[in-house]
Each structure stands twice: as structure tokens, then as C-alpha cells.
Amino acid sequence: MSVSNLLANWSQFRQAHPTEGDFHKEYKWAMAIDLDACTGCNACSVACYAENNIPVVGKDRYARGHAMHWMRVERYWDEDNRDMPDQGAQFLPMMCQQCEAAPCETVCPAGATNHTPDGLNSQIYNRCVGSRYCSANCPFKVRYFNWWDFPKEENVFADPLPLQLNPDVTVRTKGVMEKCTFCVQRLTVAKHNARNEGRLVQEGEVQTACQQSCPTNAISFGNMVDPESRVGKQWKAQQVDLAADKQVKDAGDESHEVGEHHSGTQLRGYRIFEELRAYPSVMYLERVRESAV
Amino acid sequence: MRHILRLSILLIGLFASSASFSADTLPPVNTADDLGPQVDQPIEFPHNRHAKDMGINCMYCHTYARRAPVAGIPPLQKCMGCHNGIESVKDKPRIKELFKHWEEKKPIAWKKVHDLPDYVRFNHERHVKRFIVQQDKPVQEVCGYCHGDVKEGTVARRQKPLSMGWCVSCHEKAHPTDKTAQATAQGPNDCWQCHK
């Protein structure tokens, strides 16, 4: 693609997310995380470890950059203009954003990561050759490389821990990329049960592990195609559009600082790095500070 | 001239060595009709007696196939349900072995024949629903798509490769959705449908 072509068709660039055919006909899994409710307790992260057979790498390996957590809670510290420093922290749970035009998918040399008709970003471990190109291209840095042969060499899942491994999830071996899957094993079961009864998955029927464990109910997850879904209602209420790279909230108020509500709007919804045109499926609801009220 | 001679010797040598190497190391080609490895079961179970001669429905013993992802290996209790009442074969060696296990309250350690890798998810219920319930096809034919002609063998032996390409070859075909409808549909082609 030449630069002139790129500039001429800028509005079309990276918008080729699959929406035709079977895509999003029945399901489009999406998430909304209310940062106002998030207390940074890390329960979601712990639940994710348990659900998805993620090994605990330990402090040393973490320091070497061998971190392994599909869900991390990022802490942002902002003491500016604040009387009480303890009010300066805000937390942001970060996991694979399941982008519609995922940057990781286009660069995989083995085709190990693909887009599913449900709008998920699949990762097939036995196809992965560990080039880590996807991780390099991920703007959210939510893909993790498995550096250790955990089930065999490293005795992370020592007896009797293998008994608590989730049989619906592969125990990954060394040399593959892994990431959040929106608990696809639960989605598969829910879809299967629904299909047996000749219907679609209903709202509340399926939960992700992080959503289930969140004590403040900050995470909502569901099918955007379903008009009854809580997540769909939240997206609609915040006027966040899946296929847009700039939302109503941010339109026309460049003069305002990011994160402030001076324009009088009550819209809090945003997606991370929307302008990169990856079209993530996770919407965050901005935290309301006392200064903004 | 010397160059050509040297090159030809080199080529002949390479060819000979590669030929002998490939003859030694290449595994036999595994096609759909090849038989899988022989799995020695603790009791040689005659599938031919049960499925062919008696005409017992596969799902009578593999009862989970119609309601769960896995078909399940029948418990000893299932065998006894019938064999308690069949006097004519009670003194046959295999049935004696069966009763021995039953009296010792020891399950029979059947071995897996159709063992998929850990990263594969296969749902028996989906396939049973699709072909037996919706399309009304004979049970033994439907089970035979993947398990081969079980009723001809004594112990179950893998007959189909169960490789990804083999699964996909069937998923690419458009099958009728039910016995009367003209509509056809393919199996899913989405990686996360079968991989986990």
C-alpha cells in the first residue's frame, strides 16, 4: 500500500473487520468495565489464573519479563491537584481487547490467531510457532509468551495441583503465545446448551471468570447482538459504537483535557487506543473523580 | 570433464544416502482406511457379538454420547445388567473374568482407543443430534463415520485417522440439516469450535 493510497483511503484503513456473512449474526461477545466500581482488588486476575490454568511464574521471572497473567490490573497514579494522595490511584483491569481489526491477526506467520464469527480473537496453541510477532504488534501488550515448560520441567503444577486444572482448557507448553479468550470454554458450553434447546444464549447465562469473581460487579459481559444484554445497553447508553474510531464523548472537544467532563456530558464510555483502529470489544467507563463532579 | 564426473558421483551419493535414509525413517502413510494401533484391553470385548449379532444400539452402552461431549466407557454395572441374566455364556472365560471383577468390586481398566490430543474439543452430543436425531440416520452408520466398522471387530480399534484434515474434510461438505428439509449446512470452520 503506497502512502498516497493510504492517505486517500484513510477512512477505509483498518476498517476491514468482518461484519458480513455469518459474522456477528448470532453473537458478538463484548465487555464493559466500570472503572468507578473497580477497587483494584485483583479478584478478577486471580479467578483468571484458576479458570485458565495459568502458571504462577514468581517474582524472579516476573522481573525478567516472563510475566504470565491474562488479566492484569494496571494502577495509574495521579497526585496532581489532590489534597489526599490516597485518592490519586485508579485501577484499570487490562486483558485481551478482542479487537475487531486485530493487529495481531494480520501478522501471525502461522495463522495461529484468527477471527471467529462471534467476534473473538482466537489463539490456537498447537498452531503457534512462538514468533511473538503478534505480541510485538499488540498495542495493549496483552499477549504473553510462555517461556517455560510448566507442566513438565518446571514443577509449577506439583501434585496434587494438577487435579485443580480446568480440563476444558489446554495446559500450554513452552514456546506459545497465550492470551485472554473471554473464557471461550464457557462460551462454547453455553452456546451448545442453547443450541440443544433451539435458541440463542440468553443474557446472564454465561459469565467470564473475572466477571463472576468481581465483588463490585464492575465487569459486565455478554452478547451485543442481544438487545436485552446488559453490556449492549451500557454501550448504547454511553453512545459507544463498535465500528467507530472516535466516540461521541470525544467528538469536538479536543480543547478539553482527557478525562474531564466540563462539557456537561454524562458520557463516560471509552475504548483504549481507539484511534489506532483496532476496534476493541472492551469498553471502559471512566472513573468519576470528585473534581469532575 | 573431471568436474562433471565429480558432480555426478556426488549426486549419486546424495541420492543413495537420501533413499536409504527415507526408507529407514519414513512412517507408514496413515490413510482413512489404515488401522490404528492395536490397544490391548484387559478383557477382549467382542464388539461384533454385541453390535452385529445382537444388534444392540451403540448408545445403549456408550450412553453419554447423546447428552455429553464425551461418549463414555460403560461401567461394569452396565455389563452386569445383562450378563447377570444370561445363563448360557456364564462359564465362558471372558464372562468369568467379568464376574471376577464384579465380585471383587474392581472396575475394568479399559484403555482409550480414540484418544484426541488435549487441545482438541470434540462433542459427541452435537454430532449425534445432527445425524441421528435430526436426519434420522442409522446409529451404527453415524457412529461409524468416525469409529469405522466397529461391529466387525472384536475389540475397538481406531480405524480413521482422526486428524484435523480428516475432520475438516467432512466439515467442508454440505449435509442436509434434517431428513425432509432441502437446506444444507456445513460443519463449523472456526478454529475455536474444536480447539481449546
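The values are calculated or read from the model by the stated rules, or taken from the named source; none is laboratory data. Everything quoted here is computed from the prediction, not taken from an experiment. A quick note on method: Cβ atoms are made from the backbone with ideal geometry, for glycine too, and the neighbour counts reach across all protein chains shown. When the accessible area is computed, the model is the full protein with side chains, heavy atoms only, and any ligands, DNA or RNA have been set aside. Shrake-Rupley method; radii C 1.70, N 1.55, O 1.52, S 1.80 Å.
Worth a mention:
- The residues of segment B:57-192 expose on average 62 square angstrom of accessible surface per residue, using a 1.4 Å probe on protein heavy atoms.
- A versus B: buried accessible surface, summed, Å² (probe 1.4 Å, to nearest 100): 1600 Å²
- For segment A:99-250: accessible area per residue (Å², 1.4 Å): 44 Å²
- List of segment A:183-210 residues, accessible area with partners at least 30 Å² below that of the chain alone (1.4 Å probe): A:VAL184, A:THR188, A:HIS192, A:ARG195, A:ASN196
- Residue-count net charge about A:CYS104 - beta-carbon cut-off 9 Å; Lys, Arg +1, Asp, Glu -1: +1
- Close amide H contacts of A:MET94 (hydrogens built in the peptide plane, cut-off under 5 Å, sequence separation of 5 or more or a different chain): A:ARG72, A:VAL73, A:GLU74.
- A:ASN166 versus B:ALA174: modelled label distance in nm, points set 7 Å from Cα along the beta carbon direction: 3.7 nm
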